[in-house]
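Asker: Input: one structure, supplied below.
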Amino acid sequence: MPTRRSTEPDIQALRGLHLYHAKLSNSSMRVRLLLEEKGLVWTSHLLDATRQDNLDDGYLRINPTSLLPSLVHDGVVVTESNDILYHLEERFPEPRLSPVEESERAVMREWVDLAASSHPTTLKPWQYAVTGTRTKRPQDMERYRQLQSDPDLVAFHQRSLDGFTEAEIADAVQRNHAILARMEGALTGAPWLVGGYGLADIAWFPNVLLLDLLGFPTGDYPAVRRWLATARSRPTARSAIGRSPLRLPGWLLRPIVRVRKALPSRG
Ligand SMILES: N[C@@H](CCC(=O)N[C@@H](CS)C(=O)NCC(=O)O)C(=O)O
């Protein structure tokens with residue numbers, strides 16, 4: 001359940017906003033971005049997913065799926081980044097970051113939910129394929145299998161260890177292009193995805209930023225590139241995400257460039 005009152009006394013006792021998150025996680029970035037846009041005071045609990053901090057019992061008591069981020073707001077646990085965005089927008093309506101018009105709100109919800117739901121088949125496989133990084137070490141998988149009830153998540157992490165097939169990577173590339181083309185349509189002649197800057201832009205900005213930083217070919221999408229640059233220049237983007245979120249060393253960049261050249265392009 002995305003929103004529930006914790007039964008654990010120490011979690012119930014947490015006052016204010018507590019975000020459990022990871023630095024380079026796009027799902028965490030969008031929540032940090034919204035917290036900053038709303039000028040909220042929040043307590044950071046930074047976890048290192050590469051060290052498997054999110055599999056610690058302390059975190060699993062907050063979010064049994066082990067996924068980051070999670071928000072604890074006055075003892076109420078909210079998981080799933082899109083639900084956290086909706087929760088914050090509802091509880092802290094100023095400044096307003098969702099349209100007033102119901103038909104526009106429906107479009108906004110489509111964008112926000114798509115950013116979260118498309119993540120496992122679009123950004124994630126691309127990210128792990130081009131960087132060649134693993135989400136889990138072989139020795140972590142044993143424990144992960146025991147605690148993770150979602151078979152798709154187990155399969156995904158096993159895939160990152162075994163390596164994605166060419167077909168899976170090609171599928172992720174095509175899906176990323178399909179989404180960028182859809183964004184290009186929405187952003188042609190409009191500065192933001194739905195009306196003014198809001199939740200839809202906040203949900204998508206980290207995904208497109210990471211794709212771009214990892215070298216995904218975005219040249220065919222000028223409106224998306226302009227949107228990305230404008231969103232990136234907001235002061236909140238720097239405080240929530242950092243100036244250069246991906247500082248990749250040369251030894252890692254070189255294989256990325258090689259893999260990129262071998263990957264299928266648009267079409
Ligand atoms: N649908 C979830 C996805 C969250 C997600 O995939 N988080 C990643 C980081 S971006 C994570 O926790 N990875 C660590 C792991 O799965 O062990 C959301 O939107 O919150």
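Asker: With charges only on Cβ, +1 for K and R and -1 for D and E, what is the dipole size of region 3-91 about its Cα centre, in debye, rounded to 20?
Answerer: The dipole of region 3-91 has a size of about 100 debye.
Asker: Kindly state, to the nearest 0.05, the FRET efficiency for S117 paired with D140, given R0 = 25 Å and r defined as their beta-carbon distance.
Answerer: Calculated transfer efficiency: 0.50.
Asker: At a temperature of 20 °C and a viscosity of 1.002 mPa s, determine how fast the chain diffuses translationally according to Stokes-Einstein, using the Kirkwood radius over alpha-carbon pairs as Rh; express D in µm²/s, rounded to the nearest whole number.
Answerer: It diffuses with D of about 111 µm²/s by this estimate.
Asker: Additional query: Around A186, under 13 Å between beta carbons, what's the net of Lys plus Arg minus Asp minus Glu among the other residues?
Answerer: -2
Asker: So, one more: What are the ³J(HN,Hα) couplings of region 7-15, residue after residue, when phi is run through the Karplus curve with 6.51, -1.76, 1.60 and θ = phi - 60°? Round to Hz, x for glycine and proline.
Answerer: Residue by residue, region 7-15 yields 8, 8, x, 5, 6, 4, 7, 5, 9 Hz.
Asker: Still on this structure: Using Cα centres only, tell me the gap between region 9-35 and region 99-125 in whole Å.
Answerer: Distance between centres, Cα-based: 20 Å.
Asker: Follow-up question, since we're still on this one. Work out, step by step, the length gained on full extension between S239 and V41: first 0.36 nm times the residue separation, then minus their alpha carbon distance; give nm to one decimal.
Answerer: Gain in length upon complete extension: 70.0 nm.
Asker: Place a +1 charge on the Cβ of each Lys and Arg in the chain and a -1 charge on the Cβ of each Asp and Glu, then give the dipole magnitude about the Cα centre in debye, rounded to the nearest 20.
Answerer: 1060 debye
Values in this text are rule-based calculations from the coordinates and carry no lab data. Note that this is a predicted model, so its numbers are computed, not measured. Cβ coordinates were reconstructed from backbone atoms using ideal geometry, including for glycine residues, and neighbour counts include every protein chain displayed.
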